[in-house]
């Protein structure tokens with residue numbers, strides 16, 4: 001589904017040049033649950049941003065279902081990821097001025113889905129995330145776990161093929177963290193491809209494969225035997 | 001209308017239309033051949049259309065034209081080619097001598113241009129106009145600086161929101177419309193306040209002129225459009241910078 005070939009990412013300032021990704025190559029199969037692990041600053045989030053077309057690689061090529069997207073400009077990147085890729089961030093990244101319903105509805109607005117269908121899909125997601133009773137609440141009125149459930153809801157409402165989760169449990173306690181992981185795991189069981197960056201070994205082991213990063217290089221890969229979990 | 005072929009003298013006069021009304025003569029045609037009053041016995045031999053001979057701030061006054069022969073000063077308005085003024089001067093002298101041969105060498109021609117006379121009448125308006133242009137430009141510049149500062153601050157506060165929206169599919173035009181929409185609301189409110197006040201002030205100024213134009217709604221629409229364009233250009237750079245930035249840049253610091 002996703003194929004990265006020799007992806008290099010260099011951050012440049014006037015004084016410093018930082019090599020964040022050093023010719024990384026890997027692929028993600030359709031329906032796979034891939035975890036990316038590594039110490040802070042090893043390039044995990046940068047890799048996720050490049051895969052998610054939120055950032056462009058300095059060098060290398062990125063393919064989505066055989067289409068080379070590495071040369072895409074800003075506008076093309078946005079058009080391409082629209083409806084195809086859902087994002088879950090460590091800090092939730094909900095819009096504080098919008099309530100739960102409006103936050104979840106956001107990707108559907110930009111996809112120009114008709115109002116009735118939007119409403120049905122948002123309600124379906126609210127139900128799935130068990131957030132119906134909070135639909136008129138604003139992010140600051142919710143707990144961290146609830147905010148992340150809303151963020152996951154927003155990521156899945158457009159039925160994307162791929163969900164990229166950047167430390168989705170990083171700001172959550174273990175109970176809420178496990179709950180979010182259960183949701184992601186269920187989504188994967190339903191066929192959604194998931195790439196997740198995490199520090200937590202126990203959550204990484206819920207994925208089918210773990211890529212270990214160090215200083216912008218892939219140093220190893222582990223394949224997990226189990227694909228189900230209990231709560 | 002002038003009855004041609006009649007010899008001009010002090011008792012034969014020509015009026016303008018306003019003078020006809022001022023002397024309460026029934027109508028211009030009827031005024032011809034009537035004496036103005038019993039004492040002076042002047043005879044109206046013609047009526048000319050009203051024309052402006054002073055500033056447009058003043059109403060056209062009644063004029064009586066009469067012919068006076070002898071030494072004195074006479075003025076006339078003639079159409080000349082300004083590239084050859086010395087020939088004009090000479091021709092004027094010759095023509096003057098033709099009409100007043102007794103003046104011989106005493107005849108002296110002084111001339112000024114009608115255009116300059118008109119200009120002099122509207123000097124203060126022109127100066128006022130220039131001042132208005134300078135102060136308007138200054139006001140627009142200061143307002144634009146303020147708007148630029150406001151938009152910079154506002155957009156810097158919304159950078160994360162813009163990045164989130166882009167990550168969720170918002171295209172650059174959609175981001176631009178979202179940002180500019182807020183300013184359009186404020187600009188519309190400003191129009192609601194400024195248009196009636198501007199309209200009233202312009203009309204009040206025009207009342208100083210006995211003859212004036214009407215303030216056109218089109219000019220008010222033009223003012224709105226120019227304001228809108230200036231406002232959009234002012235916030236354009238900041239908005240585009242935020243809209244074109246990679247979402248990862250804004251989201252990674254959260």
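Values as computed for the structure displayed
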| quantity | calculated |
| --- | --- |
| Residue B:242 within 14 Å of chain A (Cβ to nearest Cβ), more than 30 Å from residue B:55 (Cα to Cα), outside any loop (DSSP other than H, G, I, E, B) and touching a residue at least 60 places away in the same chain (Cβ under 8 Å) | yes |
| Options A:11, A:72, A:33; residue that is in contact with a helix residue (DSSP H, G or I) (Cβ under 7 Å, 6 or more places away or on another chain) and modelled with pLDDT under 95 | A:72 |
| Qualifying residue in region B:194-209 (condition: loosely packed, with under 10 Cβ neighbours inside 10 Å and within 14 Å of chain A (Cβ to nearest Cβ)) | no |
| Residue match in region B:173-185 (condition: more than 30 Å from residue A:53 (Cα to Cα) and either loosely packed, with under 13 Cβ neighbours inside 10 Å or in contact with a strand residue (DSSP E or B) (Cβ under 8 Å, 6 or more places away or on another chain) (or both)) | yes |
| Given (1) part of a helix (DSSP H, G or I); (2) under 27 Å from residue A:43 (Cβ atoms); (3) out of contact with any strand residue (DSSP E or B) (no Cβ under 7 Å at 6 or more places or on another chain), index of the condition residue A:169 fails | (1) |
| Close pairs (9 angstrom Cβ cut-off, 6 or more residues apart or separate chains): at positive phi in region A:40-60, surrounded by fewer than 21 Cβ atoms within 10 Å (Cβ to Cβ) and in a loop (DSSP other than H, G, I, E, B) anywhere | A:41/A:215; A:43/A:215; A:53/A:69; A:53/A:72; A:60/A:70 |
| Complete set of residues in region A:99-121 that are closer than 17 Å to residue B:170 by Cα, more than 9 Å from chain B (Cβ to nearest Cβ) and assigned to a loop (DSSP other than H, G, I, E, B) | A:112, A:113, A:114 |
| Residue ranges of helices (runs of 4 or more DSSP H) in region B:80-184 with at least 1 members within 14 Å of chain A (Cβ to nearest Cβ) | B:123-167 |
| Test set (1) touching a residue at least 40 places away in the same chain (Cβ under 8 Å); (2) within 14 Å of chain B (Cβ to nearest Cβ); (3) surrounded by fewer than 15 Cβ atoms within 10 Å (Cβ to Cβ) - residue A:30 fails condition number | (2) |
| Residue under evaluation residue B:221, criteria (1) in contact with a helix residue (DSSP H, G or I) (Cβ under 7 Å, 6 or more places away or on another chain); (2) without any contact (Cβ under 8 Å) to a residue 24 or more places away in the chain; (3) over 30 Å from residue A:155 (Cα atoms), criterion not met | (1) |
| Output for region A:163-200, where each listed residue is surrounded by fewer than 20 Cβ atoms within 10 Å (Cβ to Cβ) and farther than 24 Å from residue A:143 by Cα | A:189, A:190, A:191 |
| Residues satisfying the stated conditions in region A:49-97, i.e. part of a helix (DSSP H, G or I), facing chain B (nearest Cβ under 10 Å) and surrounded by 16 or more Cβ atoms within 10 Å (Cβ to Cβ) | A:49, A:50, A:74, A:77, A:78, A:81 |
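The values are calculated or read from the model by the stated rules, or taken from the named source; none is laboratory data. None of these values were measured; they are calculated from a predicted model. Neighbour counts are summed over all protein chains in view; Cβ atoms, including those assigned to glycine, are modelled from backbone coordinates with ideal geometry.
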